[in-house]
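*Asks:* Quick one: the structure is below, and I'll ask about it shortly.
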């Protein structure tokens with residue numbers, strides 16, 4: 001019998017992570033930090049169950065106070081190493097992510113780090129990134145979106161710099177992509193580097209009389225992240241400007257597919273950066289759940305496929321823990337994902 005995808009067996013603890021041993025609006029406030037300015041023209045991909053695609057973009061910066069949390073968050077993760085010999089992914093589920101920085105704003109954090117060339121970079125980011133974002137000034141009392149984004153950018157930079165410095169003596173070459181979510185009050189911040197993705201399931205209309213999982217109207221799958229691969233024109237141009245080259249197979253120096261990652265020491269001088277794209281949106285009753293996944297998951301699931309799969313299980317009354325396990329098992333056992341596969345399912349429940 002096939003083993004089930006691994007999951008930490010401590011459901012009583014709201015804050016969990018994988019083993020870290022070293023081995024509203026339909027508009028989004030989008031920042032591409034590599035250009036150091038807001039890019040309201042960037043369009044996020046949207047998929048609908050009926051197959052009709054649309055898109056949304058955003059622009060506004062705002063400051064808001066938390067007046068209680070209208071939505072409770074239920075989240076959990078599952079992982080499977082697939083046919084690989086080792087598991088190089090790491091993940092974090094923190095329902096209470098305030099640590100030593102308590103405040104009036106709810107602070108929750110969820111992340112997947114997809115390692116390559118080893119697990120060191122993924123494990124390091126898992127341990128240090130959120131702490132670095134908090135210490136960089138993530139708002140805990142009054143939510144200033146611009147300040148929150150700056151803290152996330154600074155946290156990514158500090159984490160990568162410290163990783164490279166602390167592993168220089170050993171000559172470690174590990175790298176890791178990342179997809180991260182912070183929920184501050186009612187505002188969701190999404191940051192990513194590389195090819196891990198986040199997708200939100202959103203209904204076309206809101207009905208305040210129904211729970212988000214009981215609605216019968218169609219869902220859209222909105223991709224909240226943008227892939228960073230050397231083959232893409234914007235990333236290729238940035239790499240070439242830094243002195244690197246992209247080979248005919250679409251890889252940096254013929255070797256590395258992603259163009260943004262933690263670590264990857266040998267590629268840092270030729271264009272690889274750990275600067276994330278960051279954007280935000282305010283939760284509304286239209287938002288059902290978010291799926292975070294490494295590239296192994298998205299290699300066998302399209303965005304709308306994953307949303308339909310998860311929504312069906314949630315309508316059957318299953319928990320986030322069970323749903324995340326089923327999602328990963330479907331990817332590995334049925335759809336034959338060969339890569340490491342990790343997923344986090346975040347459910348928003350009206351309070």
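*Asks:* Using only the Cα atoms of the stretch 261-321, construct the convex hull and provide its projected area averaged over every direction, in square nanometres to one decimal.
*Replies:* 6.5
*Asks:* Determine which residues of the stretch 219-245 fall in the zone a paramagnetic label at residue 305 would reach in this model, i.e. backbone nitrogen under 17 Å from the point 7 Å along Cα→Cβ.
*Replies:* Counting backbone N atoms under 17 Å from the label point, the list is 221-223.
*Asks:* Right, another one. Based on the inverse mean of 1/r over its pairs of different Cα atoms, what is the Kirkwood hydrodynamic radius of the stretch 196-351, in Å?
*Replies:* Evaluated over the stretch 196-351, this radius sits at 17.3 Å.
*Asks:* What number, in percent, do you get for the relative contact order of the stretch 141-285 if the mean sequence gap of Cα pairs under 8 Å and at least 6 apart is divided by its residue count?
*Replies:* It rounds to 30 percent for the stretch 141-285.
*Asks:* Grab the beta carbon distance between residue 84 and residue 142, set R0 = 45 Å, and tell me the FRET efficiency rounded to 0.05.
*Replies:* 0.50
*Asks:* Something else about it: Describe numerically, in nm with one decimal, the distance between label points set 7 Å from Cα along Cα→Cβ at residue 96 and at residue 319.
*Replies:* 1.8
*Asks:* Compute the Rg to Rh ratio over the stretch 107-164 from the alpha carbon atoms, using the Kirkwood formula for Rh, and round to two decimal places.
*Replies:* On the Cα set of the stretch 107-164, Rg over Rh gives 1.02.
*Asks:* Kirkwood Rh over alpha-carbon pairs of the stretch 221-294, then Stokes-Einstein at 25 °C and 0.890 mPa s: what D in µm² s⁻¹, rounded to an integer?
*Replies:* 177
*Asks:* Mind ordering 285-293, 138-146 by average Cβ neighbours within 10 Å, highest first?
*Replies:* Peptide ranking by packing, descending: 285-293, 138-146.
*Asks:* Cα atoms only: what Rg and Dmax, in Å, come out for the stretch 89-246?
*Replies:* Rg then Dmax for the stretch 89-246, in Å: 17.9, 59.
*Asks:* Which FRET efficiency value, to the nearest 0.05, do you get for residue 351 and residue 131 by plugging their Cβ-Cβ distance into 1/(1 + (r/R0)^6) with R0 = 30 Å? Display every interim value, and only then the final one.
*Replies:* Details: r = 28 Å, r/R0 = 0.95.
After rounding to 0.05, the efficiency reads 0.60.
*Asks:* How many angstrom separate the Cα center of the stretch 163-181 from the Cα center of the stretch 237-257?
*Replies:* One Cα centre to the other: 20 Å.
The numbers here are math on the coordinates, done by the rules we state, and not lab data. Being a predicted model, the structure only gives us computed values, none of them experimental. Note: ideal-geometry Cβ built from the backbone for every residue, glycine included; neighbour counts use all protein chains shown.
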